[in-house]
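Shown next, in structure tokens, is the structure this report addresses.
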Amino acid sequence: MPASNATPPPGAISLMAAGNLRDALAAHACGDVPTAISALMSIDAESWQAIENRLAHLGATAADLLHTMRELRP
């Protein structure tokens, strides 16, 4: 089994980046823009590219995702 600190393969989203994205979406949905920006800025470049690629396959962008989350805010 690979070490827990092993670099994810190309095109993979690291566990840390997944958590940062989750935190960013939750903060954005609550209207906490500074926390959302901080969480997004904490995502490593490789994971960010993987996130953008996955969103592109869905026909969306990161901005689209944030806009949708804002609309879902209670």
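The values are calculated or read from the model by the stated rules, or taken from the named source; none is laboratory data. If you're wondering where the values come from, they're calculated on a predicted model, not measured in any experiment. Every residue, glycine as well, gets a Cβ built from its backbone with ideal geometry; the counts of neighbours run over all protein chains shown. The area values use the complete protein model at the heavy-atom level, side chains included, leaving out ligands, DNA and RNA. Shrake-Rupley method; radii C 1.70, N 1.55, O 1.52, S 1.80 Å.
For the range 24-41, how many residues are open to solvent by less than 70 Å² (accessible area, probe 1.4 Å) and either in contact with a helix residue (DSSP H, G or I) (Cβ under 6 Å, 6 or more places away or on another chain) or among the aliphatic types (A, V, I, L, M) (or both)?
Final tally of qualifying residues: 11.
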_Scope the range 23-50; condition part of a helix (DSSP H, G or I), among the hydroxyl-bearing types (Ser, Thr, Tyr) and under 12 Å from the mean Cα position of the chain (by Cα); matching residues_ = 38, 47
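Would you mind finding the one in 20, 53 that is in a helix (DSSP H, G or I) and modelled with pLDDT of 95 or more?
On the way: 53 fails: modelled with pLDDT of 95 or more.
20 is the lone residue from the list that is in a helix (DSSP H, G or I) and modelled with pLDDT of 95 or more.
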